[in-house]
Amino acid sequence: MKSCLSGNIRIAGLALILVLALLCQAAIAQVTTARLEGVIKDQTDAVVPSVTVVATQTGTNITFEAISNEVGFYLFPRLPPGDYTVTAELTGFKKAINQAVHLQIGDTSTLNIKLQAGGANETVTVTAQVATIDTISASVGKVVSTRQIEDLPLVARDPMQLFYLQPGTNRFTGGGRVDGTRGTAANVTVEGVGATEPALGSGATSTTAAVIIEAVGEYRVVTSSASAEYGRGGGAQIQLVYRSGTNSFHGSAFDFLRNRALNANTFANNKQGLPKPTYIRNQFGGSIGGPVIKDRAFFHFTYEGIRQKTTSTPNFLVYTPTLKNTGIFRYYTKGANSTTLVDSLTGAPKVPDTDIATINLLTVDSTRLGKDPSGLFDKLVGVFPNPNNYDTGDGFNTAGYRLLSNNPYTQNQYVFKGDLLLTRSQRIS
């Protein structure tokens, strides 16, 4: 049964990748990849040309190859973010192996390699994480990593809220901004495609693409000195990539539930004798990823659903019974009408009747006495409920009607990513 299920997943994944390959256009975006370069030298610090350098992605076993030039320089201009093993080989030297080379989105890293004289069957292996340095880019920024996205607490499970961990960022209504620039100056890309929220006032934390925790691999926030390839925007530059499948099947499932058991009631509800508002939020989903063809084609699928039930207690403005039933408009002769002039529960005036004047709206126009004979008045005004509080309105003619209002909310998000290696130098995502 397990073998059959894996086979069906692989077939479905391959079909989806092929469909995407037919629909998409080839695109190369530096901001969704990483750059790795360096100089190869021997023990005497002399540069070594014609060295074969191979970067092997740990999870997928996909290899990328480069040859050092006459000054010992090698370059991988576009590597997918992830962990790599970098090897360097040349006849007459021991094979140099650098394990645990970690590249993040938008990195421009330098890894210099030193070869030792020896036989081809001898190796020099560095197993600790290799530190890479950036000697090229002048951009100032930082990556929000997969581990941060998975481990840091996020109440709404929105990984874009980690934007505020970066120096120079601040929060404002509608989203984030950086170094005092407008929120609309931010530029957000997902997988190299523009995903900036077009609404006026939105900021760096607003996107038009789904940003589910299980789907997001990592993202870089560039706060200043962004280079030309980032595109538009004078504010923050945010480049996000989705997770890709690997040679192993991995999955996750989650369900976050919040109910009203521990919620407190509001003061206004207690005053009116209304039950506490409802807030029930169920956020659930999962992900699965793995190989379609080992070392060649991979998929990653994520689903997230939200089912939310909330109630609010709006206080609507309604007519008092005196105005609604008789058409008599009352006003205070010694100042403006106010809810402080009437009892907060019954609406009974606190001031003497001699200080209250009236106008009968049904007889003020001698040509149209009484209610509209068509019954339109009762149809429009009669359906209004009587007030149950005098916290709003003018107290004499208008007051409040507070009630529980249901506000259901449903959301479904799906993210599918496929990766297909066509040749050593051609790849579709």
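So which pairs qualify, if the first residue must be in the range 259-270 and under 22 Å from residue 401 (Cα atoms), the second must be part of a loop (DSSP other than H, G, I, E, B), the Cβ gap must be under 6 Å, and the two must be at least 6 apart or on different chains? Hits for this filter: 265/276; 269/313. Residue pairs whose Cβ atoms lie under 6 Å apart, sitting 6 or more positions apart in sequence or on different chains, and linking a residue in the range 146-161 that is more than 11 Å from residue 217 (Cβ to Cβ) and in a helix (DSSP H, G or I) to a partner that is open to solvent by 50 Å² or more (accessible area, probe 1.4 Å) and hydroxyl-bearing (Ser, Thr, Tyr), do not occur here. Of the residues examined, residue 380 is not one that is assigned to a strand (DSSP E or B) and either surrounded by 10 or more Cβ atoms within 10 Å (Cβ to Cβ) or free of Cβ contacts under 8 Å to residues at least 12 places away in the same chain (or both). Can you name the number of the only condition in (1) closer than 20 Å to residue 121 by Cβ; (2) part of a strand (DSSP E or B); (3) at pLDDT below 95 that residue 102 fails? With (1) closer than 20 Å to residue 121 by Cβ; (2) part of a strand (DSSP E or B); (3) at pLDDT below 95 applied to residue 102, the lone miss is (1). Of all the listed residues (284, 256), the sole one being outside any loop (DSSP other than H, G, I, E, B), farther than 22 Å from residue 197 by Cβ and open to solvent by less than 70 Å² (accessible area, probe 1.4 Å) is 284. Does residue 141 meet the test of being open to solvent by less than 20 Å² (accessible area, probe 1.4 Å), in a strand (DSSP E or B) and at pLDDT below 85? Against the criterion (open to solvent by less than 20 Å² (accessible area, probe 1.4 Å), in a strand (DSSP E or B) and at pLDDT below 85), residue 141 does not qualify.
The one condition from (1) farther than 30 Å from residue 214 by Cβ; (2) touching a strand residue (DSSP E or B) at 6+ places or on another chain (Cβ under 9 Å) that residue 420 does not meet is (1).
Residues of the range 58-81 that are over 24 Å from residue 122 (Cα atoms), without any contact (Cβ under 8 Å) to a residue 60 or more places away in the chain and within 32 Å of the chain's Cα centre (by Cα): 76, 77, 78, 79. Based on what the data block shows, is residue 351 out of contact with any strand residue (DSSP E or B) (no Cβ under 6 Å at 6 or more places or on another chain), open to solvent by less than 30 Å² (accessible area, probe 1.4 Å) and of a type outside the set (Gly, Ala, Ser)? Yes; evaluated as a whole, the condition is true for this residue. (1) under 49 Å from the mean Cα position of the chain (by Cα); (2) without any contact (Cβ under 8 Å) to a residue 60 or more places away in the chain; (3) outside any helix (DSSP H, G or I): which one isn't true of residue 340, the others all being true? Condition (3) is where residue 340 drops out.
Total residues in the range 383-429 satisfying the condition of being among the acidic types (Asp, Glu), open to solvent by 60 Å² or more (accessible area, probe 1.4 Å) and assigned to a strand (DSSP E or B): the figure is 0. Every listed requirement among (1) at pLDDT 85 or above; (2) more than 27 Å from residue 308 (Cβ to Cβ); (3) open to solvent by less than 60 Å² (accessible area, probe 1.4 Å); (4) not small (Gly, Ala, Ser) is met by residue 149 save one, (2). Got at least one residue in the range 321-343 being farther than 26 Å from residue 397 by Cβ, out of contact with any Gly (no Cβ under 9 Å at 6 or more places or on another chain) and of a type outside the set (Phe, Trp, Tyr)? No: zero hits.
Looking at the range 188-204, can you tell me whether even one residue there is open to solvent by less than 10 Å² (accessible area, probe 1.4 Å), closer than 30 Å to residue 428 by Cβ and modelled with pLDDT under 80? Yes, the conditions are met somewhere in the range 188-204.
Rundown of residues vs (1) among the acidic types (Asp, Glu); (2) modelled with pLDDT under 85; (3) open to solvent by 70 Å² or more (accessible area, probe 1.4 Å); (4) in a loop (DSSP other than H, G, I, E, B), yes/no style:
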| position | (1), (2), (3), (4) |
| --- | --- |
| 16 | no, yes, yes, no |
| 20 | no, yes, yes, no |
| 25 | no, yes, yes, yes |
| 40 | no, no, no, no |
| 44 | no, no, yes, yes |
| 53 | no, no, no, no |
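Taking residue 288, is it under 19 Å from residue 408 (Cβ atoms) and among the hydrophobic types (A, V, I, L, M, F, W, C)? No, not satisfied.
Return yes or no: is residue 335 of a type outside the set (A, V, I, L, M), without any contact (Cβ under 8 Å) to a residue 12 or more places away in the chain and touching a Leu at 6+ places or on another chain (Cβ under 9 Å)? Against the criterion (of a type outside the set (A, V, I, L, M), without any contact (Cβ under 8 Å) to a residue 12 or more places away in the chain and touching a Leu at 6+ places or on another chain (Cβ under 9 Å)), residue 335 qualifies.
Taking the residues in the range 294-342 that are touching a helix residue (DSSP H, G or I) at 6+ places or on another chain (Cβ under 8 Å) and of a type in the set (Ser, Thr, Tyr) as candidates, determine which candidate is surrounded by the fewest Cβ atoms within 10 Å (Cβ to Cβ). Among those residues, the one meeting the criterion is 333. Condition (residue is modelled with pLDDT under 90, surrounded by 15 or more Cβ atoms within 10 Å (Cβ to Cβ) and closer than 29 Å to residue 192 by Cα) applied to the range 115-131: is it met by at least one residue? Yes, the conditions are met somewhere in the range 115-131.
The values are calculated or read from the model by the stated rules, or taken from the named source; none is laboratory data. All of these numbers come straight from a predicted model, not from anything done at the bench. Because the Cβ atoms are built from the backbone with ideal geometry, glycine has one as well, and the counts that use them run over all protein chains shown. Protein only, heavy atoms only, side chains kept; ligands, DNA and RNA dropped before computing areas. Shrake-Rupley method; radii C 1.70, N 1.55, O 1.52, S 1.80 Å.
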